[in-house]
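The values are calculated or read from the model by the stated rules, or taken from the named source; none is laboratory data. Small disclaimer: the values here were computed from a predicted structure and weren't measured. Positions of Cβ are backbone-derived with ideal geometry, glycine not excepted, and every protein chain shown enters the neighbour counts. Remember, those area values only see protein heavy atoms, side chains included, never the ligands or the DNA or RNA. Shrake-Rupley method; radii C 1.70, N 1.55, O 1.52, S 1.80 Å.
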Amino acid sequence: MSQAVADALGINLDLLNEADVKIEARTLVADEVLVRRGDQVDDVFVILRGSVRVLGFEDQELAVLDAGSVVGEVAVLAGGSRTATVRSIGATDVASLDAESFERLVLVAPELHERVSTEAIRRLHHRSLLEFISWLLGPIDPHVGDAIAQWVTWHRLKAGDYLYRKGEAADGGFTVIQGRIRISESDSGALVPANYEVGKGALIGEEGLVDDVERSESALAVRDSVVVGVPRDAFLALIESQPKFVATVLANLMRQKTSRNRSARESVTAVLSLDRSWLDTVCGRLVKALEAFGPTSWVSSERTDKLLGKPGAAQSDSATPGDIRLSQVLHELEHENAYMLYQADTSPSQWSKRVIRQADIVLLAVPSDVAIANLDVLDELVAMRSLGRLILAIFHPPRTSRPRDTARLVARWDPDLVVHVGGSGGGDINRLARILADRATGLVLGGGGARGFAHLGVWRALKEHGVDIDLIGGASMGAAMGALIARGGDIDELETEVHAAFSGLLDYTIPLVSLVKGKRVSRKLRESLGKWEIEDLWTPFFCTSTNLTHSRVVVHDRGDLARAVRASVAIPGVLPPIAADSDLLVDSSVLNNLPADVMRRRIPNGTLIAVDVAPSVGPRSRNDLGMSISASQVLRSKFRSGGKQDPRLIPLLLRSMITASMRERDRNVNAGVIDLYLDLDMRGISLLDFEKAAKVAEAGYEAAAPRIEAWLASEARLE
């Protein structure tokens with residue numbers, strides 16, 4: 001028996017004796033179960049004669065193993081329960097080696113260890129491929145799966161690795177099995193608006209399947225990912241041998257490509273913090289909130305060790321059976337759950353490194369009173385991040401009136417987003433969960449002068465209808481209203497404050513730089529917004545302005561709130577511009593009066609509500625004043641026409657300013673970037689009617705409330 005086992009394993013009999021391996025013989029009748037999926041692992045089996053069938057989820061056939069094959073070796077070395085059911089095909093002789101014996105054997109026979117690991121990787125690849133195809137199409141003929149497995153190539157990418165670069169020769173296509181891939185029109189892979197990201201099931205680089213061309217895009221891993229490649233020659237052979245199967249696969253994959261305007265939903269989060277017991281509480285609350293959207297798994301290194309039944313399994317190094325098994329277990333958890341919450345260790349361990357690189361989002365959770373002196377370990381953990389988003393969540397005691405000094409943490413870690421939780425005006429844990437699950441609702445408020453007071457009425461209507469707003473963005477007057485809303489507070493008090501703040505706003509001057517001095521506007525903004533920094537706002541906020549020097553949109557999401565809003569409302573010719581590093585910043589409406597695209601990049605699959613109060617039709621002339629005009633002509637025309645107005649300077653300036661940005665607005669609306677587009681008709685309200693805040697807010701409420709109610713009803717029907 002011992003010699004037969006040594007021959008089957010391809011090792012010298014002396015090694016078996018040296019390891020003191022205990023062997024038991026067993027004979028199976030046809031269709032007898034050797035091991036069952038989910039069973040505890042106690043033994044490794046060596047097939048001496050006959051063959052067995054390996055069955056996965058729902059008895060999908062994964063493989064047939066013949067004499068000389070080993071069953072259960074990875075689970076023994078790396079921990080965990082049986083991952084498949086194994087049944088004999090006919091009469092089969094097997095040798096059983098207890099787990100401790102097999103562990104001793106691979107220590108004295110490194111060549112066996114290497115061979116077992118190589119075979120384990122091959123089997124895991126094969127299994128993953130069949131499970132993926134079954135997920136895509138349903139159960140398939142195992143012979144088809146075997147044929148495909150012979151042709152495909154496997155690519156395990158670390159976060160930041162390129163799958164291919166723009167300009168390279170395209171020699172095949174790829175399908176994402178696990179992870180997240182960024183497709184970029186540049187060869188640098190930088191995150192720009194033209195990019196998009198895809199996840200499991202996406203077909204990428206497909207032009208290389210049928211044509212000898214250069215790559216038109218670059219593809220790199222945002223997090224650790226697994227991708228299957230199909231070389232062109234193999235694809236053409238597959239078409240010839242399995243035409244129906246190929247047609248079905250391509251139809252499914254191409255159907256997914258029609259939704260490229262939205263990126264893959266983010267679902268994997270790594271949570272970092274310093275205090276273990278406090279972090280346990282935070283993760284527990286997050287899991288409960290995430291479960292409202294779908295199955296959620298919370299995994300820590302301790303939980304993983306228990307899952308695999310092997311102390312230290314979570315800390316496995318790369319290129320070991322433990323690493324292979326751990327990767328497979330985590331892959332299975334991601335496959336079975338809509339959302340994954342990986343709790344990092346409070347040190348830069350192997351587990352911490354793994355989960356940070358495997359996450360779509362790295363969540364840095366800290367209490368508001370965290371001491372700067374204690375943050376060195378978090379610095380090390382954050383430094384492990386590659387391309388995944390970094391979100392800083394700051395937790396406040398219940399009675400906190402306003403966050404302070406957030407800038408110190410922002411400067412330290414440069415997060416993509418800051419979320420305040422708790423306090424008197426912060427969002428609760430559900431807001432953070434919505435952001436992590438990419439289910440957040442963003443509100444974008446457009447410019448339109450005094451018509452922007454209507455945003456307050458829309459805000460009231462949204463609150464009354466129970467719509468939770470998680471992020472706010474604004475342009476021009478929408479920036480001013482959005483900043484006040486993001487600051488927090490009672491809606492009635494806010495409307496009263498706005499009415500007082502915007503009365504007597506215009507201080508005209510000799511128009512050498514602008515029609516208005518801007519002193520009153522600046523003072524009123526400073527009085528209303530105080531010394532708030534954008535990072536300290538209870539609701540995540542951004543506003544936009546136009547860099548007149550370089551003709552580009554500027555996004556303000558950090559720094560002095562009053563100054564950012566002042567730049568966003570600096571109507572060229574009406575208000576003086578704001579200087580920034582020798583550049584001039586003016587009203588956002590010059591280039592983008594409704595920055596829905598900026599918000600969409602923050603919530604790729606969330607709900608986006610945009611409120612547009614800009615007049616749909618610009619000023620007209622009811623009289624032909626010829627090719628030149630004077631003040632006396634305008635006055636005479638006014639009296640002759642019974643008071644009918646011809647174009648005036650400020651309306652002409654404002655309309656000219658927003659004309660170009662209307663194209664961007666229309667593009668976003670037509671492209672489906674916006675989920676609820678509230679284009680409010682505010683006729684009868686002049687762009688400079690700043691004394692009518694209450695009236696305009698009420699008009700905005702009356703116009704928006706029924707449309708919000710109808711939209712919510714239609715959304716409920718869709719669900």
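Numerical summary
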{"item": "Phi to ³J(HN,Hα) by Karplus 6.51 cos²θ - 1.76 cosθ + 1.60 over the range 468-476, Hz, x for Gly, Pro", "result": "7, 9, 9, 9, 10, x, x, 10, 6"}
{"item": "Over the range 332-479: Rg over Rh, Cα atoms, Kirkwood Rh", "result": "1.02"}
{"item": "Accessible-area order (highest first, 1.4 angstrom probe) of the listed residues VAL35, VAL29", "result": "VAL29, VAL35"}
{"item": "Solvent-accessible surface (1.4 angstrom probe) belonging to LEU594, in square angstrom, nearest 10", "result": "10"}
{"item": "Charge dipole magnitude, Cβ of K and R +1, D and E -1 - the range 3-56, Cα centre, debye nearest 20", "result": "320"}
{"item": "Cβ crowding within 10 Å averaged over residues, with 363-370, 411-418 ranked highest first", "result": "363-370, 411-418"}
{"item": "Partners for LYS244 among aspartates and glutamates (Cα-Cα distance below 13 Å; same-chain residues under 8 apart left out)", "result": "ASP141"}
{"item": "Nonlocal amide H pairs with ILE571, under 5 Å, H built at 1.01 Å", "result": "ASP587"}
{"item": "Aspartates and glutamates with Cα under 12 Å of LYS22, excluding same-chain neighbours fewer than 8 positions away", "result": "ASP43, ASP98, GLU100, GLU103"}
{"item": "Entries of LYS158/LYS200; LYS531/LYS695; LYS524/LYS692; LYS200/LYS288 with Cα pairs more than 27 Å apart", "result": "LYS531/LYS695"}
